[in-house]
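The values are calculated or read from the model by the stated rules, or taken from the named source; none is laboratory data. Fair warning: this is a prediction, and the values are worked out from it, not measured in the lab. Note: ideal-geometry Cβ built from the backbone for every residue, glycine included; neighbour counts use all protein chains shown. Surface accessibility is based on the protein's heavy atoms, side chains included, excluding ligands, DNA and RNA. Shrake-Rupley method; radii C 1.70, N 1.55, O 1.52, S 1.80 Å.
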Amino acid sequence: MIGFRPVTRGEWLYTKLVELFIDDQKALQSAVGTLRGSALIGNRAPEFADYVAGLYCFNLTARLIKTAQALIAHDAYGEALYRSSMLSFLANHCGISEFRFGRPNINALINLSIEAAFSSGKTISQSVKNGVATSKQQCYCYICGIQIFVSGELEETSVQYEHIWPSSFGGDSIIENLLPACPHCNNAKGSMLLWQDGPVHSFILPPNPSANDITTINRRAKIAWHRKAIFELAISRHTTLKEAAITHGPVDFSASAPVDLDDASDFFTIHF
Ligand SMILES: [Zn+2]
């Protein structure tokens, strides 16, 4: 699998983890392969295999960045001390050793983790904001499509600058990682990294859901669905997430339909 094109430090780290654990046929390959072909979880096996693989890479990405952030925050950053701390974290807490994965891969993980940690939480400069919302007056939320205003007086329709790869996980504050969003979507998305850490597991509606049932689907679940579509598009075309988000367009929150009217709808069978 060729992944999406990374542009931020956090994405580079994530991409390396996917390469090591999913694409490079190592640790998770057999487990995910077993899940993918399993009849034990009904006809959701491919979706659950992607779900588990994504959760694993999300979890590792987040733990490596948070650990590196903690080292930096405690002034433990010094080439030798940092490297030894991360080496022991990888080996003792993640089961990732030099012996198993090779020194170049371990060095890459350590370097990418510290770079992602340093990139996190940076403010967005005015020149970057100007490059993201190119119109001085109005633009559209890339998630829900509503019109928002660059210098709006109403808080609910004022533009926010949304990190497509979350700032807290090494998402740089650069034009290539930012799109205009409305406050509702920006707040609901929060630091959602992958669709897999959205409210996916609890998303179940009755068969042939009524209009009222569909209104119970919250914005965060819809954002997870949108995010899944963006990632799949970016991976299939090997573009950046931002390019894929623009190509895909926003979610039509008013429309949603389950694929199989006789089956209870879950995250994988309802489309917006
Ligand atoms: Zn929105």
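Using the structure shown, decide if I114 is open to solvent by less than 10 Å² (accessible area, probe 1.4 Å), more than 16 Å from the ligand (Cβ to nearest atom) and in the same structural domain as T15 (by TED's automatic domain parsing).
no
Go through segment 160-201 residue by residue and tally those that are within 10 Å of the ligand (Cβ to nearest atom) and aliphatic (A, V, I, L, M).
Looking only at that region, the number is 2.
For segment 214-236, how many residues are modelled with pLDDT of 90 or more and polar (S, T, N, Q)?
Residues that pass the stated criteria total 1.
Would you say R227 is farther than 14 Å from P6 by Cα, within 16 Å of the ligand (Cβ to nearest atom), in a helix (DSSP H, G or I) and open to solvent by 20 Å² or more (accessible area, probe 1.4 Å)?
no
Please indicate, with yes or no, whether at least one residue in segment 237-258 is open to solvent by less than 50 Å² (accessible area, probe 1.4 Å), assigned to a loop (DSSP other than H, G, I, E, B), within 14 Å of the ligand (Cβ to nearest atom) and modelled with pLDDT under 85.
Among the residues of segment 237-258, at least one is open to solvent by less than 50 Å² (accessible area, probe 1.4 Å), assigned to a loop (DSSP other than H, G, I, E, B), within 14 Å of the ligand (Cβ to nearest atom) and modelled with pLDDT under 85, which makes the answer yes.
Under 9 Å by Cβ, and 6 or more places apart or on different chains, what pairs join a residue from segment 194-217 that is in a loop (DSSP other than H, G, I, E, B) with one that is β-branched (V, I, T)?
If the second residue must be β-branched (V, I, T), the pairs left are L194/T61; G198/I223; F203/I217; F203/I270; P209/T216; P209/I217; P209/I270; I217/I270.
Restricting to segment 119-149, name every residue that is surrounded by 16 or more Cβ atoms within 10 Å (Cβ to Cβ), more than 16 Å from the ligand (Cβ to nearest atom) and not in a loop (DSSP other than H, G, I, E, B).
S119, V128, K129, listed by residue number.
Inside segment 174-191, can you point out the residues that are open to solvent by 20 Å² or more (accessible area, probe 1.4 Å) and not in a loop (DSSP other than H, G, I, E, B)?
I175, E176, H184, N186, N187, A188
Step by step: first the residues of segment 150-159, then only those that are open to solvent by less than 40 Å² (accessible area, probe 1.4 Å) and assigned to a loop (DSSP other than H, G, I, E, B), then the one that is farthest from the ligand (Cβ to nearest atom). Which residue is that?
The extreme case among them is G152.
Does segment 67-91 hold any residues that are open to solvent by 40 Å² or more (accessible area, probe 1.4 Å) and either of a type in the set (S, T, N, Q) or free of Cβ contacts under 8 Å to residues at least 12 places away in the same chain (or both), and which are they?
Q69, A70, A73, H74, D75, E79, A80, L81, S84, S88, A91
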